[in-house]
Amino acid sequence: MKKKILAFLLFLFPLFSLGYVNADTIKIVSDTAYAPFEFKDTDQTYKGIDVDIINKVAEIKGWNIQMSYPGFDAAVNAVQAGQADAIMAGMTKTKERENVFTMSDTYYDTKVVIATTKSNKITKYEELNGKTVGVKNGTAAQRFLESIKDKYGFTIKTFDTGDLMNNSLSTGSVNAIMDDKPVIEYAINQGQDLSINMDGEAVGSFAFGVKKGSKYEYLVTEFNEALAQMKKDGSLDKIINKWTSSSKTNSQVTSLTSTTSAGQKATPVKSKYVIASDSSFAPFVFQNSSNQYIGIDMDLIKAIAEDQGFEIEITNPGFDAAINAVQSGQADGMIAGMSVTDARKETFDFSDSYYTANTILGVKESSTISSYEDLKGKTVGVKNGTASQTFLTENQSKYGYKIKTFADGSSMYDSLNTGSIDAVMDDEPVLKYSISQGQKLKTPIEGTPIGETAFAVKKGSNPELIEMFNNGLANLKASGEFQKILDKYLATDSTSESSTVDETTILGLLKNNYKQLLSGLGITLSLALISFAIAIVIGIIFGMFSVSPYKSLRIISEIFVDVIRGIPLMILAAFIFWGIPNFIESITGQQSPINDFVAGTIALSLNSAAYIAEIVRGGIKAVPIGQMEASRSLGISYSKTMRKIVLPQATKLMLPNFVNQFVIALKDTTIVSAIGLVELFQTGKIIIARNYQSFKMYAILAVFYLVIITLLTRLAKRLEKRIQ
């Protein structure tokens with residue numbers, strides 16, 4: 001009993017001692033990105049007006065403070081829930097907030113202003129009619145906009161953070177933004193493409209706050225005492241001027257979404273880096289009529305490689321295949337319009353964000369869907385593994401729709417056009433690009449921010465590649481080259497490459513894409529012929545094993561056939577292409593990537609060999625057993641009997657089945673495209689992703705396969721006649 005009591009006391013002691021040690025620590029929460037009041041600088045420390053003021057107050061009053069930066073909404077909730085003692089986050093003092101918080105004297109009088117890009121100036125509220133204005137949720141600016149939106153006829157789009165709002169302005173998804181004047185001015189000083197052309201609106205003042213009625217109300221009294229002293233000795237003005245002066249140069253942040261300053265370079269470790277990407281995700285990456293991959297991601301990674309002086313080799317196997325390629329070490333990095341999520345952070349290291357992703361709902365022009373509520377009982381399509389899928393899943397129970405996932409965008413849009421789904425959800429630029437390519441769609445609901453898009457490497461590997469990407473991105477932003485890349489593909493008057501031949505007809509599709517189709521056809525035929533030749537050798541060996549008089553050989557053959565036939569071809573190809581290199585790396589510590597064509601050939605060879613082994617076994621068994629017995633009774637050896645008597649007869653029986661198996665192998669090459677091999681079928685999908693002419697392109701592919709298979713079948717039948 002004494003031992004149990006002692007153990008219990010030992011368990012409680014750390015808890016009591018921990019509480020005792022932290023009893024005098026004041027937990028203060030703040031916003032996460034609200035420059036110049038609080039923001040993380042390039043040295044990865046938080047700085048700004050609020051940070052300097054609270055540190056000065058703590059110095060004067062002898063507070064022991066612990067600062068954290070969860071974001072404004074989370075900070076407010078933390079204080080109300082008792083998880084934090086006070087909030088210092090550029091919080092406007094209002095009557096509503098004073099019902100919940102005890103607030104200090106104000107330390108900064110703020111104005112909110114309308115800001116636009118420099119090329120789209122707005123000089124009066126009347127010019128906002130019919131436009132969209134972005135604002136951060138829960139701010140004084142939002143309250144002001146709500147009070148005048150009906151008068152001036154604009155719509156409001158809310159954002160959780162300033163960087164999402166600013167990026168939406170730069171990409172054109174909002175026409176203007178409203179924020180605190182010092183915040184906008186700070187962004188302009190840091191090189192942001194922003195312009196203020198209207199007078200600000202006085203909306204209130206900032207104050208320090210604690211939960212009303214809590215034991216920490218004394219902090220407000222002490223804050224007021226320290227603030228009065230700071231106003232008197234000029235230290236408050238000094239702090240504010242430090243961060244709001246137009247000549248301020250102590251921060252090197254070039255973008256509210258970037259933690260890297262311009263003008264830096266890193267040293268490459270490898271002579272060449274392999275970068276994997278998607279194959280059809282316009283406008284980020286897609287193939288033009290010249291069989292070249294273009295798009296935001298392609299131009300960006302090439303420009304960064306040139307800026308930082310490292311060599312790259314880009315592969316475009318598709319999104320899922322690109323992810324697996326990076327994880328298996330077959331690629332060093334990935335750029336494919338990839339959203340940053342907590343789940344992906346467990347597997348990948350991400351660069352600074354280069355694009356703010358908005359997800360948006362698309363429906364047919366004739367659809368009556370105008371809100372999320374209208375989706376009840378309907379089916380919404382979305383690409384697998386995307387941030388759009390996450391958004392739909394999180395809101396599914398709320399709106400009562402069904403979700404259908406797709407591996408690629410072209411299949412998803414085809415399903416919408418044929419009526420098998422009622423709506424699609426995709427990244428806003430992707431969906432709008434599809435509309436520009438002739439898709440009869442509309443976007444009845446405003447887009448929703450879903451996260452940031454970034455470059456990625458396998459967690460813990462190639463850190464210099466992330467560093468070089470961040471450095472290059474910062475340099476491109478500073479020089480304006482980054483904005484040019486975005487405008488090239490996203491601007492409404494974009495002049496990016498397009499087809500010079502009409503692709504709305506079958507003839508136009510053939511004229512514009514015949515080189516790509518012939519290239520894909522060549523890979524398909526090579527893959528089928530090589531793999532089938534290997535399969536015949538392997539299949540005959542295991543087929544002979546299956547009728548061997550030795551039991552051990554029969555067991556080996558049976559295991560081979562059962563295992564290979566029991567594994568779907570797509571999984572077999574994926575295991576060979578991604579699984580084996582991962583397994584080898586886990587043992588040796590060295591990356592040993594397998595070429596996609598080699599992996600596809602091995603998978604097809606093994607798959608066909610298992611079926612050929614059964615064809616051989618069946619052909620031999622079809623020869624009457626009496627012939628073997630008669631031959632052996634005459635003293636002829638087993639091997640000679642097989643060569644001279646059984647196999648010649650069995651071959652005639654097996655030949656038609658060999659032809660059928662070859663046709664199956666040729667068709668199975670389409671399955672191998674799952675690992676990123678650009679054969680004929682994948683080529684067609686890439687073309688569809690660019691022009692959305694799915695029906696006509698699939699018809700062309702069907703004719704290609706029909707002609708090839710018919711010719712090969714006729715050839716095989718002639719061969720069969722000669723043998724007989």
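Values in this text are rule-based calculations from the coordinates and carry no lab data. Remember, predicted model here, so these are calculated numbers, not experimental data. No Cβ is skipped: glycine too gets one built from the backbone with ideal geometry, and neighbour counts run over all protein chains shown.
Before anything else, pin down the relative contact order of the stretch 107-214: Cα pairs under 8 Å, at least 6 apart, normalised by residue count, whole percent.
In percent, rounded to a whole number, it is 47.
Determine the shape class of the stretch 280-363: with a ≥ b ≥ c the square roots of the Cα gyration tensor eigenvalues, call it rounded for a/c under 1.5, and otherwise prolate if a/b is greater than b/c, oblate otherwise.
Verdict is rounded for the stretch 280-363.
Taking θ as phi - 60°, what are the ³J(HN,Hα) couplings along the stretch 318-334 by the Karplus curve (6.51, -1.76, 1.60), each to the nearest whole Hz, with x for Gly and Pro?
Ordered by residue, 3J(HN,Hα) equals x, 4, 4, 5, 5, 4, 5, 5, 5, 5, 8, x, 7, 9, 8, x, 9 Hz.
Work out the FRET efficiency for K121 and K376 from their Cβ-Cβ distance, taking R0 = 35 Å, and round it to the nearest 0.05.
0.25
For n ≥ 4 DSSP H runs only, could you compute -39500 (n - 2.57) per run for the chain, divide by its residues and tell me the 222 nm figure to the nearest 500?
-16500 deg cm²/dmol
List the residues whose amide H sits under 5 Å from the amide H of S353, counting only those 5 or more places along or on another chain, with H placed 1.01 Å from N in the peptide plane.
none
Could you please rank R97, R617, R718, placing first whichever residue has the fewest other Cβ atoms within 10 Å of its Cβ?
R718, R97, R617
With the cut-off at 1.5 for a/c, could you classify the stretch 393-449 from its C-alpha gyration tensor as rounded, prolate or oblate?
oblate
Quick check: pseudo-label points 7 Å beyond the Cα along Cα→Cβ at D199 and I709, how many nm apart are they?
The answer from the label model is 7.6 nm.
State the dimensionless ratio Rg/Rh of the chain (Rg: radius of gyration of Cα atoms; Rh: Kirkwood radius).
Dividing the radius of gyration by the Kirkwood radius yields 1.10.
Over 22 Å between Cα atoms, which of K440/K696; K131/K398; K157/K432; K40/K136; K265/K302 qualify?
K131/K398
Taking amide hydrogens as modeled 1.01 Å from N in the peptide plane, which residues meet the under 5 Å criterion relative to K404, leaving out close sequence neighbours?
V380, G381, V382
With both bridge residues required to lie in the chain, what share of the DSSP beta bridges run antiparallel, to the nearest 5%?
In the chain, DSSP labels about 60 percent of beta bridges as antiparallel.
With 10 angstrom as the radius, rank K238, K383 by how many other C-beta atoms surround their C-beta, starting from the fewest.
Ascending number of Cβ neighbours within 10 Å: K238, K383.
Normalising by the residue count of the chain, find the relative contact order in percent from Cα pairs under 8 Å and 6+ residues apart.
Relative contact order for the chain comes out at 12 percent.
Pairwise over distinct Cα atoms, reciprocal of the mean inverse distance: report the Kirkwood radius of the stretch 501-564 in Å, one decimal place.
Evaluated on the stretch 501-564, it is 15.0 Å.
Using the Karplus curve 6.51 cos²θ - 1.76 cosθ + 1.60 with θ = phi - 60°, work out ³J(HN,Hα) for each residue of the stretch 99-106 in order, rounded to whole Hz, and write x for Gly and Pro.
Coupling constants for the stretch 99-106: 6, 10, 10, 8, 10, 7, 4, 6 Hz.
Could you name the aspartates and glutamates whose alpha carbon sits less than 19 Å from that of K121, not counting residues in the same chain fewer than 8 places away?
List returned: D179, D180, E185, D193, D199, E201, D487, D493.
How much net charge surrounds P317 when only other residues with a Cβ under 11 Å from its Cβ are counted (Lys, Arg +1; Asp, Glu -1)?
Spelling it out: positives minus negatives among the neighbours equals -3.
Considering the dipole of the chain built from charges on the beta carbon (Lys and Arg +1, Asp and Glu -1) around the Cα centre, which of L529, S639, S420 is farthest to its positive end?
It is S639.
Based only on other Cβ atoms within 10 Å, what is the fewest-to-most ordering of V203, V380?
V203, V380
Whole-Hz ³J(HN,Hα) for each residue in the stretch 70-76, computed from phi via Karplus 6.51 cos²θ - 1.76 cosθ + 1.60 with θ = phi - 60°, x for glycine and proline: what do you get?
x, x, 4, 4, 5, 5, 4
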